[in-house]
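Participant: Sharing a structure, written as structure tokens. Questions coming.
The values are calculated or read from the model by the stated rules, or taken from the named source; none is laboratory data. Because the structure is predicted, anything quoted here is derived from the model rather than measured. Virtual Cβ from ideal backbone geometry, glycine too; neighbours counted across all protein chains shown.
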């Protein structure tokens with residue numbers, strides 16, 4: 001009980017929803033983007049512990065009053081400079097959007113990466129370029145597989161779900177904290193990025209449900225950028241015209257297609273197998 005009382009002594013109770021940090025947390029969750037200070041909202045014990053393990057800088061950590069015992073486990077791992085707030089259940093639940101709230105949320109600073117950062121990591125694996133991937137679960141799966149099988153970085157193109165979406169973060173199981181994620185800021189979006197990829201000697205590949213080189217016949221050992229389109233319509237025509245090869249994953253004719261997260265995972269696994 002002493003541990004709980006020590007943790008409790010460190011917690012600052014917040015009653016009102018107009019507290020500046022509570023407002024930042026609500027805004028970060030609702031917009032699925034970083035705050036003006038560059039912080040990202042996360043929630044859940046496993047994800048918060050993954051953020052700690054990943055060495056992220058915490059701005060503040062929030063506990064639900066009825067789940068205050070979680071503070072005993074987490075606060076010894078959090079620096080004394082971090083704001084630690086205790087919120088009434090009703091206030092916590094109004095701010096944190098989780099369908100299965102676990103009583104803890106936080107504002108953390110994610111590292112920012114450029115395309116050059118990804119290009120410097122090509123020995124790790126391919127660059128994955130996402131053009132219109134909209135399902136948070138799919139993006140989370142891509143991030144998790146990218147870390148598992150090796151990936152230089154993930155480029156987030158226009159129309160793709162935000163990597164700071166709370167569902168993406170949970171589905172990534174913490175990989176979002178460690179994989180370089182590049183947001184395209186060039187005028188012209190992904191098309192404007194292609195000359196830089198070609199200059200770096202990177203082959204541009206797409207995936208297809210039916211047409212293209214069968215995965216087991218494809219050469220994936222070199223420096224690659226794998227372009228993944230939207231779940232419904234695939235890559236835009238303008239991008240497809242830039243691809244050097246399309247890779248098809250053989251599967252049962254009774255299945256129309258694999259979802260984008262699964263398809264990307266399979267291709268990344270095969271690329272890792274060939275590199276070894």
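Participant: Condition (residue is modelled with pLDDT of 95 or more and either touching a helix residue (DSSP H, G or I) at 6+ places or on another chain (Cβ under 8 Å) or surrounded by fewer than 14 Cβ atoms within 10 Å (Cβ to Cβ) (or both)) applied to segment 30-38: is it met by at least one residue? Before you say what the answer is, go through the steps one by one.
Facilitator: Filtering segment 30-38 for residues modelled with pLDDT of 95 or more gives none.
Within segment 30-38 (the criterion being modelled with pLDDT of 95 or more and either touching a helix residue (DSSP H, G or I) at 6+ places or on another chain (Cβ under 8 Å) or surrounded by fewer than 14 Cβ atoms within 10 Å (Cβ to Cβ) (or both)), the answer is no, since none of the residues qualifies.
Participant: Checking the structure you have, find out if any residue of segment 231-239 is in the same structural domain as residue 127 (by TED's automatic domain parsing), at pLDDT below 90, in a strand (DSSP E or B) and under 21 Å from residue 153 (Cβ atoms).
Facilitator: Scanning segment 231-239, I find no residue that is in the same structural domain as residue 127 (by TED's automatic domain parsing), at pLDDT below 90, in a strand (DSSP E or B) and under 21 Å from residue 153 (Cβ atoms), so the answer is no.
Participant: Tell me whether segment 140-153 contains one or more residues that are under 30 Å from residue 83 (Cα atoms), modelled with pLDDT under 95 and in contact with a helix residue (DSSP H, G or I) (Cβ under 7 Å, 6 or more places away or on another chain).
Facilitator: Initial filter on segment 140-153 (under 30 Å from residue 83 (Cα atoms)): 140, 143-144.
Now narrow it down to the ones that are modelled with pLDDT under 95: none.
No.
Participant: Of the residues in segment 198-217, how many are surrounded by 20 or more Cβ atoms within 10 Å (Cβ to Cβ) and more than 24 Å from residue 134 (Cα to Cα)?
Facilitator: Within segment 198-217, residues that are surrounded by 20 or more Cβ atoms within 10 Å (Cβ to Cβ) and more than 24 Å from residue 134 (Cα to Cα) number 1.
Participant: Take residue 175 and tell me if it is surrounded by 22 or more Cβ atoms within 10 Å (Cβ to Cβ) and without any contact (Cβ under 8 Å) to a residue 40 or more places away in the chain. Working first, answer last.
Facilitator: Working: surrounded by 22 or more Cβ atoms within 10 Å (Cβ to Cβ): yes; without any contact (Cβ under 8 Å) to a residue 40 or more places away in the chain: yes.
Yes: the conditions hold for residue 175.
Participant: Oh, and also: Which one of these does residue 77 not meet: (1) under 19 Å from residue 53 (Cβ atoms); (2) assigned by TED's automatic domain parsing to the domain that holds residue 266?
Facilitator: Every listed condition holds for residue 77 apart from (2).
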